[in-house]
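Participant: I'd like to ask some things about the structure below.
The values are calculated or read from the model by the stated rules, or taken from the named source; none is laboratory data. Everything numeric in this text was worked out from a predicted model, so none of it was measured. With ideal geometry, Cβ positions are generated from the backbone for all residues, glycine too; neighbour counts draw on all protein chains shown.
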Amino acid sequence: MSANDLLVNTLNLVYEVFARYISIILFGFGFIGLTLNTLVFTRKALRQNSCTRYFLASTIANYLVVYFILPSRILSDGFNVDPGTYSLGYCKFRFYIYFTFKSLSSWFIVLASIDRFMCSSRSFKCRQFSRLSVARNTIVITTIICLLFYSHILIFYDNRNGICDSLKGIYQIFNDVCYLVGYSVIPPILMSLFGVLTIYNVRRLRLVAPKTKGSRVVVITNKNQQLALMLLFQVIFISLTSVPHATQKLYKTLTSSFVKSDLLRAQENLYAEIARVISFVNHTCSFYILTLSSKTFRTELVKLFEETKRYFTMPRNTTVICIPLKSIQRKRTTTHHQVVYSAEIVSDYYFRPSPCLGSRILTRSEENV
């Protein structure tokens, strides 16, 4: 075996490692990360924030990419099992979901960048755009636009010659350019632009916040700063992971008519697989970027773990009822002689966090008061 053939075999082996094992590991990270993302973003402290709503929408888009697209790529690239070669409908639908929801994931982060810019503005009219109602409507409109924009895939994709791919020629160039511009160029540019503008606004707010006596204004400003920082890291991460795959697809299309050696094809296939895996990192590892970059996100995550631990470690023979403190105080003043406290549960209340905020733990005897 010549040195050239040995190098080709080595490149093919590395390709197989990325296509099978690295992709499977990414799927595991994505399964855990997206689940935790959803649980954190739907918590009461965050779900009323319009920026969080965009992050949640991006997470939902990533669900389809990770749970539907990534397994199909593992089967086709790693094990040479591609259902798209047997079903034309599956072929069209898979690539339609692939392009649409990968793009939606990035565009929702663009909307989050715009939302943070509006929220940090001194203009009252600009801040009016940073509302839940605006976020809901914008998410719906953006989803409809992307679904319509990529609808051409349902027409011009086919599984000819046992390969599920777009039609050759002008359309393939058009499709790759749209993917490059709509996924890897415009979203990162807009994210970076509004990210810089948001940082500028937040720095201006820092000069105003110390002059304000009320603690509420300071708390809101700190939360905005945390969300802006979280967004900045997300923008950098998306920019680094989205560009390689789109440029590789365009390069492959433009050089498809060239005569290539076995070594060059092996090199291109390996680069294509690495670029594809990197693009999936964008959709599977957002949770870990958010955890590293945002104190607010980490705080809510820790609270989630504590509540989960408390739920599974609380004695099952104890009835726990959450009643507002005002209600308890009102009942104690009228029927104080009927209230019988359990020393064990009261001690547990003072030395362990309560299962619900602003509430007291009552025994069965208190339940009937």
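Participant: So, residue 45, is that one assigned by TED's automatic domain parsing to the domain that holds residue 241 and at pLDDT 95 or above or not?
Facilitator: Criteria not met by residue 45.
Participant: Could I ask something else about it? Show the residue pairs that are 6+ apart or on different chains and have beta-carbon atoms under 7 Å apart, the first residue being within region 168-193 and closer than 17 Å to residue 97 by Cα, the second being among the basic types (Lys, Arg).
Facilitator: 176/249; 179/249; 183/102
Participant: Quickly run through region 127-137 and pick out the residues that are closer than 22 Å to residue 202 by Cβ and within 18 Å of the chain's Cα centre (by Cα).
Facilitator: Across region 127-137, the qualifying residue is only 135.
Participant: Would you confirm whether any residue within region 113-125 is assigned by TED's automatic domain parsing to the domain that holds residue 279, more than 16 Å from residue 53 (Cα to Cα) and modelled with pLDDT of 90 or more?
Facilitator: So far as region 113-125 goes, no, none of its residues is assigned by TED's automatic domain parsing to the domain that holds residue 279, more than 16 Å from residue 53 (Cα to Cα) and modelled with pLDDT of 90 or more.
Participant: Another question, then. Which of the helices (runs of 4 or more DSSP H) found entirely inside region 253-321 contain at least 3 residues meeting this: at positive phi?
Facilitator: none
Participant: Could you check region 279-324 and list, in sequence order, the residues that are modelled with pLDDT of 80 or more and among the basic types (Lys, Arg)?
Facilitator: The answer is 295, 298, 303, 309, 310.
Participant: Of all residues in region 19-65, count the ones that are over 12 Å from the mean Cα position of the chain (by Cα), farther than 24 Å from residue 107 by Cβ and part of a helix (DSSP H, G or I).
Facilitator: 10
Participant: Evaluate the following for residue 94: is it in contact (Cβ under 8 Å) with a residue 60 or more places away in the chain and farther than 30 Å from residue 303 by Cβ?
Facilitator: Spelling it out, residue 94 is indeed in contact (Cβ under 8 Å) with a residue 60 or more places away in the chain and farther than 30 Å from residue 303 by Cβ.
Participant: In region 79-93, which residues are in a helix (DSSP H, G or I) and touching a helix residue (DSSP H, G or I) at 6+ places or on another chain (Cβ under 6 Å)?
Facilitator: 83, 84, 85, 90, 91, 92 - these are the residues of region 79-93 that are in a helix (DSSP H, G or I) and touching a helix residue (DSSP H, G or I) at 6+ places or on another chain (Cβ under 6 Å).
Participant: Which of the residues that make up region 83-97 are crowded, with 16+ Cβ neighbours inside 10 Å and in contact with a Phe, Trp or Tyr (Cβ under 8 Å, 6 or more places away or on another chain)?
Facilitator: Selection gives 84, 91, 92, 94, 95, 96, 97.
Participant: Can you go through 104, 70, 75, 111 and tell me which one is free of Cβ contacts under 8 Å to residues at least 40 places away in the same chain and part of a helix (DSSP H, G or I)?
Facilitator: 75
Participant: For residue 21, are the conditions met, namely being out of contact with any His (no Cβ under 8 Å at 6 or more places or on another chain) and either surrounded by fewer than 13 Cβ atoms within 10 Å (Cβ to Cβ) or modelled with pLDDT under 95 (or both)?
Facilitator: yes
Participant: For region 209-226, check the following and say yes or no: at least one residue is modelled with pLDDT of 80 or more and either in a helix (DSSP H, G or I) or buried (at least 17 other Cβ atoms within 10 Å of the Cβ) (or both).
Facilitator: Within region 209-226 (the criterion being modelled with pLDDT of 80 or more and either in a helix (DSSP H, G or I) or buried (at least 17 other Cβ atoms within 10 Å of the Cβ) (or both)), the answer is no, since none of the residues qualifies.
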